[in-house]
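*Asks:* Structure below; questions to follow.
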Amino acid sequence: MSHLLRSRRDAVLGRWVELVTEGTRGRMTEGEVRSELTELYGLVEGALTDPGGTTAGELRAALADISRSRARQGFSPTETAVAVFALKRAVHENLDGTGGDAAYADFIDFSAYIDELGLATFETYANAREQVIADQAEQLLELSTPVVKLWDGILGVPLVGTLDSARTQVVMETMLQLLADTGSRYAVIDITGVPAVDTEVAQHLLKTVMAARLMGAECVISGIRPQIAHTIAALGIEFGDIVTKSSLADALAYAMRGSGLRVLSGTDA
Amino acid sequence: MTIEPAGEMPISGNDDVVRVRQLVRTAAASAGFSLVDQTKIVTAASELARNTLVHGGGGSVGIDQTVGDRGKHGLRIVFTDRGPGIPDLEQALVEGWSSGNGLGLGLSGTRRLVDEFSLESEPGEGTTVTVVKWIR
Ligand SMILES: Nc1ncnc2c1ncn2[C@@H]1O[C@H](COP(=O)(O)OP(=O)(O)OP(=O)(O)O)[C@@H](O)[C@H]1O
Ligand SMILES: [Mg+2]
């Protein structure tokens, strides 16, 4: 088989590039596919010539690389494996049918080897995908939560996503610092974007509110959606005398009233 | 009867707690739970996963779709650890009791968030908490 890969290199490689390029449906250019596959082709050839040698290891490493980069480009694991499997078809089309039983047995072995390589990309793909997801989750957590000024004397803290201790610490410190810097009397903590409030999140919220109180500021918690309200009640969490509002708008209105501001519509003015 | 395991994963760090929440959220949504019940089971799982991590020193969770009497469907979640165990189960379930500085609402609250709750623990051996929520 390695003989055929060498003697018909241009034809087989060319056909493989063609098959794979079709499969990418425009997400990769033929040139990109060609350079990727030319490298693989050489490694497959080497691995077949010397199965126990170092090339076999290099081949797997190269496949793993390709699999990872495909995962990042958004290819499905099937697409990545199918690209590898396409080599079988390219080879098959280039068999001249003169080798008889020996060539047939040879092709079956070759085919089994390629299957194994294709399946290996599957596994790498799954791992790579998980890594991508983990990275994204980390990035989301790392996005520092902004504390914004809603009005003179009123800060807004929109919380989005998972609140863990590390992140809450950052939010709390930023908010307290800004309360001090701006001399604000109100902070509206909006939890519309928080998917679930458990005892840990609740404890963080309570601590933040207490700390703000020590600085003479009042926190209003807004955006408690019905499903969150049910859960908080069932857990037995008590927000005590902390003011809660269903929407950020209500909370802002409350804080403005408390600051002695009145909102007039154009006709009243 | 248990059908179709939806997932099994280790709990050994804070990001695993986040993953458990996501796994349960997905399983509950695809099983057809209402938004309120999804949030309840996710919150319960969050509490138990954190207990497994913080008090149990890490462990694992298994999530299964399950079918009960009269063909009702639900989600069963089992948390297991080989940690220190709980010496006094009754005390652990008291609202507001915590051996650390938590709110002490995790176990007692979780019991109210789910339909079935079982707590097994052997000091020195570990703890297993099983919860089931049925689809209404
Ligand atoms: N898996 C476990 N292994 C050992 N001890 C546990 C385990 N789960 C709970 N406990 C014990 O039960 C107590 C009560 O648990 P519970 O979840 O109600 O409160 P908490 O975790 O202390 O605080 P929080 O309100 O933040 O959950 C814990 O303080 C701990 O001593
Ligand atoms: Mg707890």
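The values are calculated or read from the model by the stated rules, or taken from the named source; none is laboratory data. Given the structure is predicted, the values throughout are model-derived calculations rather than measurements. Counting neighbours? That spans all protein chains shown, and the Cβs are built from the backbone with ideal geometry, glycine included. Only protein heavy atoms, including side chains, enter the accessible area calculation; ligands, DNA and RNA are left aside. Shrake-Rupley method; radii C 1.70, N 1.55, O 1.52, S 1.80 Å.
*Asks:* Average partner chain C-beta neighbours within 10 Å, per residue of A:231-244? Spell out each step's value before the answer.
*Replies:* On the way: counts 12, 3, 2, 11, 13, 8, 3, 2, 0, 0, 0, 0, 0, 0.
The per-residue average across the peptide is 4.
*Asks:* Can you give me the distance in nm between label points at B:GLU8 and A:THR38, each placed 7 Å from the Cα along the Cα-to-Cβ direction?
*Replies:* 4.8 nm
*Asks:* Within the stretch B:43-74, whose backbone N sits under 14 Å from a point 7 Å along Cα→Cβ of B:ASP115?
*Replies:* Label zone hits: B:65-74.
*Asks:* Separate question: Can you give the net charge of the other residues whose Cβ lies under 12 Å from the Cβ of B:VAL20, counting K and R as +1 and D and E as -1? Each step should come with its number before you reach the end.
*Replies:* Working: positive: B:ARG19, B:ARG21, B:ARG25, B:ARG50; negative: A:ASP198, B:GLU8, B:ASP15, B:ASP16, B:GLU47.
Local net charge: -1.
*Asks:* Per DSSP H run of at least 4 residues, take -39500 (n - 2.57); add these up for chain A, divide by its residues and hand me the 222 nm value, nearest 500 deg cm²/dmol.
*Replies:* Numbers: 10 runs with 176 residues, N = 269.
For chain A, the value works out to -22000 deg cm²/dmol.
*Asks:* Separation between the A:HIS92 and A:PHE239 pseudo-spin-labels, each 7 Å from Cα along Cα→Cβ, expressed in nm?
*Replies:* So the label points at A:HIS92 and A:PHE239 sit 6.4 nm apart.
*Asks:* Of the trypsin sites (Lys or Arg not before Pro) in the stretch B:33-128, which ones lie in a loop per DSSP and count no more than 12 other C-beta atoms within 10 Å? All intermediate terms of the calculation are to be shown ahead of the outcome.
*Replies:* Working: sites: B:LYS40, B:ARG50, B:ARG70, B:LYS72, B:ARG76, B:ARG82, B:ARG111, B:ARG112; in loops: B:LYS72, B:ARG82.
Here the trypsin sites (Lys or Arg not before Pro) that fit, given the DSSP loop and packing criteria, are B:LYS72.
*Asks:* Express the Stokes-Einstein translational diffusion coefficient of the stretch A:1-123 in µm² s⁻¹, to the nearest whole number, given a Kirkwood radius over alpha-carbon pairs, 4 °C and a viscosity of 1.567 mPa s.
*Replies:* Working: Rh = 14.6 Å.
This corresponds to a translational diffusion coefficient of 89 µm²/s.
*Asks:* If I require 24 Å or longer along the helix axis, counting alpha carbons, and a Kyte-Doolittle average no lower than -0.5, what helices from chain A are left? Use full DSSP H segments. It would help to have the intermediate numbers written out before the result.
*Replies:* Details: long enough: A:30-49 (28 Å, -0.07); A:54-73 (29 Å, -0.54); A:77-93 (25 Å, 0.28); A:100-142 (63 Å, -0.07); A:165-182 (25 Å, 0.32).
Long hydrophobic helices here: A:30-49, A:77-93, A:100-142, A:165-182.
*Asks:* Which longest uninterrupted range of chain A lacks any trypsin sites (Lys or Arg not before Pro) assigned by DSSP to a loop state (not H, G, I, E or B) and surrounded by at most 16 other Cβ atoms within 10 Å?
*Replies:* Values: sites that count: A:ARG25, A:ARG27, A:ARG262.
It runs A:28-261.
*Asks:* While we're looking at this one, here's another question. Taking Cα centroids, how far is the stretch A:192-240 from the stretch A:1-46 in Å?
*Replies:* Going from one Cα centre to the other spans 59 Å.
*Asks:* Oh, and also: Using Stokes-Einstein with the Kirkwood hydrodynamic radius over Cα pairs, what translational diffusion coefficient do you get for the protein assembly as shown at 4 °C and a viscosity of 1.567 mPa s, in µm²/s rounded to a whole number? List each step's numbers first, then the result.
*Replies:* Details: Rh = 25.6 Å.
Using the Kirkwood radius from Cα pairs, D works out to 51 µm²/s.
*Asks:* I would also like to ask the following. Extending each Cα 7 Å along its Cβ direction at B:TRP97 and A:ILE133, get the distance between those two points in nm, one decimal.
*Replies:* Result for the modelled spin labels: 3.8 nm.
*Asks:* Summing Lys, Arg as +1 and Asp, Glu as -1, what charge do residues with Cβ under 9 Å from the Cβ of A:GLU45 carry, A:GLU45 excluded? Don't skip to the end; give the middle numbers.
*Replies:* Working: positive: A:ARG6, A:ARG9; negative: none.
Taking every Cβ under 9 Å from that of A:GLU45, the sum is +2.
*Asks:* Still on this structure, I have one more. How many times 2.2 N^0.38 Å is the alpha carbon radius of gyration of chain B? Could the numbers behind the result be given before it?
*Replies:* Numbers: Rg = 14.1 Å, N = 136, 2.2 N^0.38 = 14.2 Å.
Compactness ratio reported: 0.99.
*Asks:* Also: For the stretch B:8-134, what does the relative contact order come out to in percent, with C-alpha contacts under 8 Å and a separation of six or more? Don't skip to the answer; put the middle values down first.
*Replies:* Working: 242 pairs, mean separation 31.9, N = 127.
Computed over the stretch B:8-134, the figure is 25 percent.
*Asks:* Can you tell me the length gained on complete extension of the stretch A:ASP10 to A:ARG213, counting 0.36 nm per residue apart and subtracting the Cα distance?
*Replies:* Full extension from A:ASP10 to A:ARG213 adds 65.5 nm.
*Asks:* Quote the FRET efficiency, to the nearest 0.05, computed for B:ARG136 versus A:GLU58 with a Förster distance R0 of 56 Å and r equal to the Cβ-Cβ distance.
*Replies:* On the way: r = 57 Å, r/R0 = 1.02.
Between B:ARG136 and A:GLU58 the formula returns 0.50.
*Asks:* Please compute the contact order of the stretch A:2-140 in relative form: average sequence separation of alpha-carbon pairs under 8 Å and at least six residues apart, divided by the residue count, as a percent. Don't jump to the answer; show the numbers that get you there.
*Replies:* On the way: 108 pairs, mean separation 40.3, N = 139.
Dividing the mean separation by the residue count of the stretch A:2-140 yields 29 percent.
*Asks:* Express in Å², to the nearest 10, the accessible area of B:MET9 obtained by rolling a 1.4 Å probe over the protein heavy atoms while all chains stay in place.
*Replies:* For B:MET9, the solvent-accessible surface is approximately 30 Å².
*Asks:* If contacts are Cα pairs under 8 angstrom and at least 6 residues apart, what is the relative contact order of chain A in percent? All intermediate terms of the calculation are to be shown ahead of the outcome.
*Replies:* Working: 293 pairs, mean separation 34.9, N = 269.
Taking the mean separation of contacting Cα pairs over the length of chain A, I get 13 percent.
*Asks:* Something else now. With chain B treated as a Gaussian network of Cα nodes joined by springs under 10 Å, which of B:ALA27, B:ALA49, B:ALA92 yields the largest mean-square fluctuation?
*Replies:* B:ALA92
*Asks:* In debye to the nearest 20, how big a dipole does the protein assembly as shown give about its Cα centre with +1 on each Lys and Arg Cβ and -1 on each Asp and Glu Cβ?
*Replies:* Details: 36 positive and 53 negative charges, 283 e Å.
Once rounded to the nearest 20, the dipole reads 1360 debye.
*Asks:* Could you please report the charge total around B:GLY109, scoring K, R as +1 and D, E as -1 over all other residues with beta-carbon less than 9 angstrom from its beta-carbon?
*Replies:* Values: positive: B:ARG111, B:ARG112; negative: A:ASP198, B:GLU47, B:GLU95.
For residues surrounding B:GLY109, the net value is -1.
*Asks:* Suppose R0 equals 22 Å. What FRET efficiency, 1/(1 + (r/R0)^6) with r the Cβ-Cβ distance, do A:THR49 and A:LEU119 give to the nearest 0.05?
*Replies:* On the way: r = 22 Å, r/R0 = 1.02.
So the FRET efficiency works out to roughly 0.45.
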